[in-house]
Amino acid sequence: MKKYAVIALAFLLVLSLFGCADDKNSDSIVYDESDIWGITFSSENVTPSGMTLKIIQSGGEYEGQLEYGMEFSLEIRQNRNWIPVEPEKDIAWEMIAYTLPENDITRLDINWAFIYGRLPAGHYRLGKEIMDFRGTGDYDTRTYYAEFTLY
């Protein structure tokens, strides 16, 4: 019984720290307890042409160094399904790896207008791959998502 009380107290503490999103252009943070790398994505300052991606890394278990690149994808929710947003033009991504700091918050300004144009109203998610890099040819990847709504 004490275990459940501690879990409930921790949940309430997290809610009080982050509060509820009142901003129409921001969605609340959703924690995935099954994520072993301790990563959570959320959206901030969303506009039809871009947003700030907030990446929280806290604890977790990984073997190497967590890294991310420039590439991202966009999907729109239609009839309970995620449908890829079609780019207006082809793009070649720079193959650069950035280190995701441990137990810290990283904010990335994402501008998708040059690929997708200005997005119309709808419920979207931005996907970005994170890598547990242990060495050349020795890594695992996971794709994380930040959902957002444009009104």
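The values are calculated or read from the model by the stated rules, or taken from the named source; none is laboratory data. What you see is a predicted model, and the numbers here were worked out from it, not measured in a lab. Here Cβ is always computed from backbone atoms with ideal geometry, including for glycine, and neighbour counts include all displayed protein chains. The protein model used for the area step is the full one, side chains on, heavy atoms only, and it has no ligands, DNA or RNA in it. Shrake-Rupley method; radii C 1.70, N 1.55, O 1.52, S 1.80 Å.
Structure above, values below:
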{"read-out": "The stretch 119-135, residues that are surrounded by fewer than 18 Cβ atoms within 10 Å (Cβ to Cβ), more than 17 Å from E75 (Cβ to Cβ) and either in contact with a Cys (Cβ under 7 Å, 6 or more places away or on another chain) or of a type in the set (D, E, K, R) (or both)", "value": "R134"}
{"read-out": "Every residue from the stretch 71-98 that is open to solvent by 80 Å² or more (accessible area, probe 1.4 Å), over 13 Å from Y124 (Cβ atoms) and under 17 Å from the mean Cα position of the chain (by Cα)", "value": "E71, Y98"}
